[in-house]
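Undergrad: Sharing a structure, written as structure tokens. Questions coming.
The values are calculated or read from the model by the stated rules, or taken from the named source; none is laboratory data. Keep in mind that what you see is a predicted model, and the values were worked out from it rather than measured. As a convention, Cβ positions derive from the backbone with ideal geometry for all residues, glycine included, and neighbour counts pool all protein chains shown. Note: accessible area is taken over every heavy atom of the protein model, side chains too, but ligands, DNA and RNA are not part of it. Shrake-Rupley method; radii C 1.70, N 1.55, O 1.52, S 1.80 Å.
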Amino acid sequence: MGFLIAGLLVYLAASRLVMRGLTGTRREIAFVCLNVGGVYWFLFYGQKAHYDERFVIYLALIFFQYAMLRAFAEKEGWKPWLAFFTPIAALIIFHYVPGSVYVKMGNAFGVKWRGIPNLVGLSYLAFRSSRLVLEVRNGSVKSPTIWEYLNFCFFLPTMPVGPINSYANFRRGFEVQPLDYPIMTCALRILVGFVKFEFLSALCTQLAYSDMLMDDHFHHWIDLPVAIFFYYLYLYCNFSGFCDMAIGASGLIGIPVPENFDRPFAARNVKDFWNRWHMTLSQYMRDVVFGPLSKYFAHLLGPKQVDQAIALTIVVVFLLIGIWHGVGWNFVAYGAVHALGVVANLYYTIILKKWLGRDGFKAYNANPWIHAVAVVLTFCYCATSLILFANTFPELKEILSSLR
């Protein structure tokens, strides 16, 4: 752990010097060397079998994505979508396509490849780089150089688990006058994130599903809601803790990174929950999927069926969110449960507005007792839904069979 922390401190110090001491192409190239080298050293080297091959594949994938971006992003018509779906297709192939592939050269040589699962940060890379294609197509950013693209894809603090940063926001750190975030504020953010990620999440996981319920012993039924509660806390401390460290580290370098959490335990409904939890994922799905797809369904179903078009889009979006999180029917079910929650909130709001009127609905939302009940119910719903996120169906069956 000490060696890892020392290495990260060296990376942060060197990156800060590069961002403030160099300009233009020299800064881009030096920062690429730090990020590509840092990603290889911290996320690939010695981590799993065939880590060199994994890293080479990652490099090849990113160079291919860049070639597709340059070739098609600024074209007219449907061609930009070739570049858009290139990283999405890579995500599908490497994460979701099962089985083995045999490569033979003549009769003398054969290589068995069982796929390369869990390429670090591939899900986040797919969303960052696909949105960049749309940014270039829409003219909101210039098409990046190869050095700019490599820096965006390999930026070490956010590469493993986000937050999902847009290219336009990322490049704000490369302006003529570098962004200067307070050093002590960034350092405190890193410290708070480290405590949440390393200590608080470790405490919470001891009372979650795997450590408490899957121990080959029978348990009282009350242990299940305890596990549900503490897994929710564990996931929040683990994920938000890492994001805190990533945002703090990025600030020390001078790269702006958006917030990913905003008090999700205070959410009033499931829709509000996704405005507070994994916010950059919600923003991506809203901008890239929900907006265009809801317009398509509204056009398809007609103006009288706009609410149904929105509900259908919500279902598609949350099924995609579930699938994006992992491989397995439990993740599909997780997405479906949250789709149900958001759709229910949609129709509940429509009914309340018709029943109470504008002033009555405003008073309903302002009632503190109703708000408190809504927050508690939302907390319980979202916490319980994570049982599908944390466990496969066989594991869930094992947990339920252990309760007495």
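Undergrad: I need the phi-derived Karplus couplings for the range 161-178: 6.51 cos²θ - 1.76 cosθ + 1.60, θ = phi - 60°, integer Hz, Gly and Pro marked x.
TA: Result, ordered by residue: 9, x, x, 7, 9, 7, 5, 4, 5, 4, 6, 4, x, 10, 5, 4, 9, x Hz.
Undergrad: Further, regarding this structure: How high is the relative contact order of the chain? Use alpha-carbon pairs under 8 Å, at least six apart in sequence, and give a whole percent.
TA: 14
Undergrad: Taking a threshold of 32 Å on the Cα-Cα distance, which of the pairs LYS362/LYS397; LYS295/LYS362; LYS295/LYS353; LYS196/LYS353; LYS79/LYS271; LYS295/LYS397 fall above it? Kindly include the intermediate steps, with their values, before the conclusion.
TA: Numbers: LYS362/LYS397 44 Å; LYS295/LYS362 28 Å; LYS295/LYS353 23 Å; LYS196/LYS353 41 Å; LYS79/LYS271 34 Å; LYS295/LYS397 41 Å.
Going by Cα-Cα distance, LYS362/LYS397; LYS196/LYS353; LYS79/LYS271; LYS295/LYS397 fall outside the 32 Å limit.
Undergrad: I've got another one for you. Considering amide H positions built from the backbone, and no H for Pro or chain starts, which residues 5 or more places from PHE261, or on another chain, come under 5 Å of its amide H?
TA: MET279
Undergrad: How would the range 226-351 be classified by its alpha-carbon gyration tensor: rounded, prolate or oblate, with rounded meaning a/c under 1.5 and the a/b versus b/c comparison settling the rest? Before the final figure, lay out each step's value.
TA: Working: a/c = 2.09, a/b = 1.57, b/c = 1.33.
Prolate shape, in that a/c is at least 1.5 and a/b is the bigger ratio.
Undergrad: Pull up all non-local amide H partners of HIS219: gap of 5 or more, or a different chain, and H-to-H distance under 5 Å with H placed in the peptide plane.
TA: Residues meeting the criterion, in which the H sits 1.01 Å from N, are LEU403, ARG404.
Undergrad: Rg over Rh of the chain, using C-alpha atoms and the Kirkwood radius, what does it come to?
TA: Values: Rg = 23.2 Å, Rh = 23.5 Å.
Ratio of gyration radius to Kirkwood radius for the chain: 0.98.
Undergrad: Right, here's the next one. What is the range 317-366 by shape, rounded, prolate or oblate, if you read a ≥ b ≥ c off the alpha carbon gyration tensor as root eigenvalues and call it rounded for a/c under 1.5, prolate for a/b larger than b/c, and oblate otherwise?
TA: prolate
Undergrad: Among the complete DSSP H segments of the chain, which ones combine at least 30 Å of alpha-carbon extent along their axis with a mean Kyte-Doolittle hydropathy of 0.5 or more?
TA: Numbers: long enough: 51-72 (31 Å, 0.90); 223-253 (44 Å, 1.17); 329-366 (43 Å, 0.39); 368-390 (33 Å, 1.81).
For the chain, where a helix must reach 30 Å along its axis and average at least 0.5, the hits are 51-72, 223-253, 368-390.
Undergrad: Also, I was wondering about something else. Highest mean first, what order results for 85-94, 248-257, 274-283 on Cβ atoms within 10 Å? Intermediate results must be reported in sequence, preceding the final value.
TA: Details: 85-94: 17.6, 248-257: 23.0, 274-283: 20.1.
Highest-to-lowest ranking by the protection proxy: 248-257, 274-283, 85-94.
Undergrad: May I ask for the distance between the Cα centers of the range 354-374 and the range 195-252, given as a whole number of Å?
TA: When both Cα centres are located, 34 Å separates them.
Undergrad: If you count, for each residue, the other Cβ atoms within 10 Å and average over each peptide, how do 258-266, 71-79 line up from highest to lowest? Write down the numbers at each step before the final one.
TA: Numbers: 258-266: 15.8, 71-79: 13.4.
Per-residue Cβ counts within 10 Å, averaged per peptide and sorted highest first, yield 258-266, 71-79.
Undergrad: Using a 1.4 Å probe on the protein chains only, how many percent of the accessible area of the range 245-298 belongs to carbon and sulfur?
TA: Roughly 57 percent, rounded to a whole number.
Undergrad: Going by average Cβ density within 10 Å per residue, which order do the peptides 189-196, 349-356 take, highest to lowest?
TA: Descending packing order for the listed peptides: 189-196, 349-356.
Undergrad: Per residue, how many Å² of accessible area does the chain show with a 1.4 Å probe?
TA: Value returned for the chain: 52 Å² of accessible area per residue.
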